[in-house]
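Novice: Handing you this structure, nothing more for now.
The values are calculated or read from the model by the stated rules, or taken from the named source; none is laboratory data. Quantities reported herein were computed from a predicted structural model and do not represent experimental measurements. Cβ sites come from the backbone with ideal geometry, for glycine too, and all protein chains shown count toward neighbours. Side chains are part of the model used for accessible areas, which takes the heavy atoms of the whole protein and leaves out ligands, DNA and RNA. Shrake-Rupley method; radii C 1.70, N 1.55, O 1.52, S 1.80 Å.
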Amino acid sequence: MGDTGRHKWFSFHHHRSASATSMPQHNSPGETPTEFLCPITGFLMSDPVVVASGQTFERISVQVCRNLGFAPKLHDGTQPDLSTVIPNLAMKSTILSWCDRNKMEHPRPPDYAYVEGVVRTRMDSIPPGTGHRIAKSEILPPVAENSNSNSDSDYESVMGAIRSRSRTSISSSTSLPLHQTRPVNHSTRIQNSFSTSDYSSFPPMSPEEEEIYNKLTSVDTIDHEQGLIQLRKTTRSNESMRISLCTDRILSLLRSLIVSRYNIVQTNAAASIVNLSLEKPNKLKIVRSGFVPLLIDVLKSGSTEAQEHVIGALFSLAVEEENKMVIGVLGAVEPLLHALRSSESERARQDAALALYHLSLIPNNRIRLVKAGAVPMMLSMIRSGESASRIVLLLCNLAACSEGKGAMLDGNAVSILVGKLRESGGGESDAAARENCVGALLTLSIGNMRFRGLASEAGAEEILTEIVESESGSGRLKEKAAKILQALRGGGNDFGEGAEAREWNRMLEASGLSRSQFQQGGQKGGFAYSSQF
């Protein structure tokens, strides 16, 4: 539609008058956050679900598209993968809270017949041969209409179907025996809903890919191990090979092998994903190939070594801006917090902290972290001296949202951070922790009247004065400490809104981000994952 050749998806807002009587009413698009609206209907979503490619839709919209065998092209030109759905409980809760705050009725599911009419209209408007039909092998049966979106059964059904699809996507003639005895929780109907993948339209394989592919599609488990070890070694340090081997064929096989019941297979598959994810063009491709639910599943119940690699993979994937929301929505926050608190591996704890740091660069994930109990857990870890520098940096991100700041002040964060400043020595790691502590205190001080009293009780003025007058320490550290002291001593209007606007950008130097990056979830710096396995 249009001269550009890009077929933009039908939106309810362009046809409001045509069906006003049959549609739920909600605030105008200018007042309603765009992310709350289904891209297909334009309605405020009542039962949002995340599809395999990461976008969120109304459940009925996905069901209609799949029943009609049609994949819409969205406004950005992309076509979503509708093969799997997972309830987006976080989005649903956010929408309901927004409705309550605005004294609006909770949204109702749109009429199935209306949505079908919308989709058929869109299908009819696309010239023959230019649309995208969904192959039967890509369609999953929709979750029952009367199912409980909050139950574990929906999630387990989808996860089982993802595993089934991964196993059958290799080919019926080269099915992997290592999965034949693996117990599954999904029905035979779902298992039989997939057919073998057709790779005939794919680009020809390079010699390296063909060698690895032949091993991974062998009937011998030993060949699987050797193929994964070869893939892992080949992608460990060779950047060009990471790009050339991140193909749909290899990713399809890795989706199957990462849920293997054989530890050595699962571990090498996870390590290979880490290596492939190091290249920026691969990060989106891996997430859009449906790996995030599988990685989370391994993180919850896989072998210890595989879990460590999975944490590294999530860290690497979370660096990419477009992946942050998807990884958070699909449920990575809670298991990463568990790994940060409980993993026996120092490497795993550090990677979990950095994965959460990158995820917390967008507002929605900060709220998820706060609701998951991250603040009291991390304050406890700081008190005990665990991974203090990176955890305090993560707390700086959480303090940028009102929920996080309130939880930190309620959790005695001011006293804990001041105590950490007193304990820190002169080492490099202590210097980083010291600067991050001061940065977190500065974040908490902006626009908050409670801070002055809490800081006074904790004796913050004394230690901050020492920092300012010390001959050691960076100029940036002293500048931040001086600003807190100025606020504590009543200089200027540091607790007012005007001061917040004036000081915000410099305050956020504690985590190396600007005000716009915090507000929009952007990332121009920070930690990047660069380890190879």
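Novice: Enumerate the calculated ³J(HN,Hα) couplings along the range 364-373 in order (Karplus 6.51 cos²θ - 1.76 cosθ + 1.60, θ = phi - 60°), each rounded to whole Hz, writing x wherever the residue is Gly or Pro.
Specialist: 3J(HN,Hα) across the range 364-373, in whole Hz: 4, 6, 4, 5, 4, 5, 4, 5, 7, x.
Novice: A further question on this structure: Quote the accessible area belonging to D220 in square angstrom, nearest 10, computed with a 1.4 Å probe and with ligands, DNA and RNA left uncounted.
Specialist: Here the accessible area works out near 70 Å².
Novice: State in Å² the accessible area per residue of the range 279-339; use a 1.4 Å probe, count heavy atoms of protein chains only, and round to the nearest integer.
Specialist: Result: 29 Å² per residue.
Novice: Here's another thing I want to ask about it. Report the paramagnetic label zone for E210: residues of the range 251-269 whose backbone N is under 17 Å from a point 7 Å from Cα along the Cα-to-Cβ axis.
Specialist: Of the residues in the range 251-269, none has backbone N under 17 Å from the label point off E210.
Novice: Compute the signed sum of charges (Lys and Arg +1, Asp and Glu -1) over the other residues within less than 13 Å, Cβ to Cβ, of H309. Let's see the in-between values first.
Specialist: Working: positive: R232, R236, R347; negative: E305, E308, D351.
Residues near H309 contribute 0 overall.
Novice: To continue, here is another question. Count charges around D410 for me, please; just the other residues with Cβ under 11 Å from its Cβ, Lys/Arg as +1, Asp/Glu as -1.
Specialist: Residues close to D410 contribute a combined charge of +1.
Novice: Projected area of the range 335-403, taken from the Cα convex hull and averaged over every viewing direction, in nm²?
Specialist: Values: hull surface 15.9 nm².
With every direction weighted equally, the projected area is 4.0 nm².
Novice: Let me ask you something else. Under the Karplus relation 6.51 cos²θ - 1.76 cosθ + 1.60, θ = phi - 60°, what is the ordered set of whole-Hz ³J(HN,Hα) values for the range 62-75, x standing for Gly and Pro?
Specialist: Couplings: 5, 4, 4, 4, 6, 5, 8, x, 10, 10, x, 9, 7, 4 Hz.
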